[in-house]
Amino acid sequence: MDIHELRRTVRGTVTTRDDRAYEAVRTGLLWNARTPDRFPEMVIRAMDTGDVQTAVRYAAANGMRVSVRGGGHHFSGIALQDCVVIDLSAMSALQIDAEARTARAQPAVTNGRLAAALAEYGLAFPTGHCASVPLSGYLLGGGFGWNAGAWGIACHNVEGVEVVLADGSLVTANKVENADIFWAARGAGPEFFGVVTEYRLRLHELPRAIRTSVWTYPIGEVQAVERWMSRTMRLVPRNVEFTAVFSTAPQPLASKAAKTISAVATIFAYTEEEAQATLERIAAGAPEGALDMQLGMETPFEVLYLIMGQFFLEGRRYAADTNWSADPARQMAIMSSAIEVAPSAECFALGVMLPPMDGAVMSDGAFSMVGPAFGCTYAIWQDETQDQAALSWVRATSEKISPISLGHYIGEADLDLADRSRRSFTPAALERLRHLQRKYDLGNLFHRPGIDVGSLRRAG
Ligand SMILES: Cc1cc2nc3c(=O)[nH]c(=O)nc-3n(C[C@H](O)[C@H](O)[C@H](O)COP(=O)(O)OP(=O)(O)OC[C@H]3O[C@@H](n4cnc5c(N)ncnc54)[C@H](O)[C@@H]3O)c2cc1C
């Protein structure tokens with residue numbers, strides 16, 4: 001098939017380097033305003049699974065490699081590569097079977113849309129923390145969603161996937177059919193060796209009393225806050241999400257402290273009484289000296305998404321990295337020192353407390369790297385001349401955490417660093433993944449972290 005036939009065959013669009021729209025299409029691929037200097041040979045915007053199959057076959061037949069783009073939200077911009085980019089953003093069908101408590105979602109369905117659609121049926125899913133992120137890469141990399149303590153990592157709530165493989169064939173993968181592909185589709189993220197064109201989701205009853213409380217302290221109180229948060233996680237039910245936010249003081253508190261640590265507890269309760277009882281247990285241990293307290297706010301999913309949307313504004317430049325560790329106290333101390341020297345007031349870091357994960361569930365998918373504490377550092381800035389300073393800040397913070405780091409989360413890791421992808425998996429999971437990559441994509445058709453497109457093309 002040549003390019004003319006490709007254009008005639010696909011229902012979607014094909015944009016090549018000599019098209020007038022090329023630069024707008026290229027930069028539009030990423031959500032992050034920081035666009036790497038990488039230039040796709042062409043961008044194929046697929047309208048349906050047939051288009052994805054055609055695009056994969058075209059690339060393979062013409063010796064080109066493929067990069068898959070869901071919503072372009074990965075902070076590292078990994079979807080933008082110098083090869084054929086298959087853009088899935090037009091594939092956004094969603095079907096909900098309320099009685100069976102299942103849903104079928106194409107990759108471009110966003111967290112916000114899914115949560116809103118499910119709420120109408122009194123249902124929910126561990127959607128990610130920001131409304132605009134699509135299921136595409138979110139679920140494939142694991143998915144750290146709302147209420148992860150009770151509902152688990154989002155990919156463990158996936159019951160099956162439809163996948164286009166490197167030969168263009170379409171397969172169904174679940175616990176019984178193509179179980180090894182299904183294993184990989186739950187956590188491989190950018191290391192996956194195919195294109196997921198549909199997810200089948202297992203749904204939950206919607207918690208009717210979601211309540212959020214925030215205690216804000218001067219950053220110097222980090223030790224007391226960490227001790228309280230760690231102790232609290234051993235006392236409360238699994239439906240509590242407790243996160244420390246390290247940031248520049250919010251405006252109303254700016255006269256009292258330059259930098260603050262806010263302990264944010266969201267309780268995913270089913271009744272008012274349950275929410276109140278849990279809040280009382282959390283609040284009982286709160287250290288003295290809070291600059292501000294907001295307790296028991298009603299935060300259904302749409303409100304949670306409005307709040308999170310204020311932290312992650314579109315059009316900003318972003319860099320991020322993650323670390324798992326077994327030492328929340330040390331990790332939080334490092335993050336609090338880091339925020340003191342952040343290159344812009346918008347930068348922040350999160351320290352997430354999680355209850356222990358079920359070992360059996362954790363071994364049932366490529367998502368395998370966890371620890372008692374999870375931290376994420378976000379540099380956010382607007383001026384291109386600050387790129388280097390912002391990136392250096394994120395990297396210096398991770399460097400300080402590295403002696404206690406157990407590994408990373410591929411969904412938000414700094415994938416420009418050589419070890420990030422590899423260290424997002426346990427050694428056993430990585431070995432299995434490498435075996436499956438050879439089995440299903442021996443020619444490395446699909447771009448993966450650490451594989452240099454240019455060198456492969458030269459070699460091949
Ligand atoms: C504002 C914001 C908030 C976020 N919040 C969370 C959060 O709460 N929890 C969390 O876990 N993560 C979160 N993330 C991270 C996010 O889930 C991942 O970056 C995810 O990859 C985004 O999905 P995407 O489809 O936009 O990825 P893209 O950037 O489009 O793709 C990244 C890579 O994933 C692979 N890929 C994506 N889709 C497919 C597919 N259908 N088939 C095959 N390969 C595919 C490709 O290798 C691609 O290069 C957040 C990111 C942002 C920007």
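The values are calculated or read from the model by the stated rules, or taken from the named source; none is laboratory data. All figures in this text were calculated on a predicted structure; none of them were measured in a lab. Virtual Cβ from ideal backbone geometry, glycine too; neighbours counted across all protein chains shown.
Key figures for this structure:
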{"quantity": "Residues of the stretch 342-356 satisfying the condition of being over 18 Å from the mean Cα position of the chain (by Cα) and under 20 Å from Arg238 (Cα atoms)", "calculated": "Pro355, Pro356"}
{"quantity": "Count of residues meeting criterion [among the aliphatic types (A, V, I, L, M), modelled with pLDDT of 95 or more and assigned to a strand (DSSP E or B)] in the stretch 370-403", "calculated": "2"}
{"quantity": "Enumeration of residues in the stretch 1-22 that are in a helix (DSSP H, G or I) and surrounded by 12 or more Cβ atoms within 10 Å (Cβ to Cβ)", "calculated": "Ile3, Leu6, Arg7, Thr9, Tyr22"}
{"quantity": "Selected residue (criterion: nearest to the chain's Cα centre (by Cα)) from residues of the stretch 214-229 that are closer than 26 Å to Tyr270 by Cβ and surrounded by 23 or more Cβ atoms within 10 Å (Cβ to Cβ)", "calculated": "Met229"}
{"quantity": "Residue in the stretch 352-368 that is in contact with a His (Cβ under 8 Å, 6 or more places away or on another chain) and modelled with pLDDT under 95 present", "calculated": "yes"}
{"quantity": "Total residues in the stretch 282-306, condition within 16 Å of the ligand (Cβ to nearest atom) and either surrounded by 15 or more Cβ atoms within 10 Å (Cβ to Cβ) or outside the structural domain of Met369 (by TED's automatic domain parsing) (or both)", "calculated": "4"}
{"quantity": "Residue that is among the acidic types (Asp, Glu), surrounded by fewer than 22 Cβ atoms within 10 Å (Cβ to Cβ), modelled with pLDDT of 95 or more and closer than 15 Å to Ala366 by Cα, where the choices are Glu159, Glu198, Glu191", "calculated": "Glu159"}
{"quantity": "Elements of type helices (runs of 4 or more DSSP H) in the stretch 78-151, at least 3 residues being within 9 Å of the ligand (Cβ to nearest atom) and closer than 30 Å to Asn62 by Cβ", "calculated": "135-140"}
{"quantity": "Pair list, Cβ under 6 Å, 6 or more apart: the stretch 126-138 residue under 15 Å from Leu29 (Cβ atoms) and in contact (Cβ under 8 Å) with a residue 40 or more places away in the chain, other residue aliphatic (A, V, I, L, M) and crowded, with 24+ Cβ neighbours inside 10 Å", "calculated": "Ser136/Leu88"}
{"quantity": "Residue list for the stretch 224-247, filter: under 16 Å from Ala349 (Cβ atoms), not hydrophobic (A, V, I, L, M, F, W, C) and not in a strand (DSSP E or B)", "calculated": "Glu226"}
{"quantity": "Filter pass, Glu177 being in contact (Cβ under 8 Å) with a residue 24 or more places away in the chain, of a type in the set (Asp, Glu), not in a helix (DSSP H, G or I) and not assigned by TED's automatic domain parsing to the domain that holds Pro356", "calculated": "no"}
{"quantity": "Top-ranked residue in the stretch 307-341 [being crowded, with 19+ Cβ neighbours inside 10 Å and hydroxyl-bearing (Ser, Thr, Tyr); ranked as farthest from the chain's Cα centre (by Cα)]", "calculated": "Ser336"}
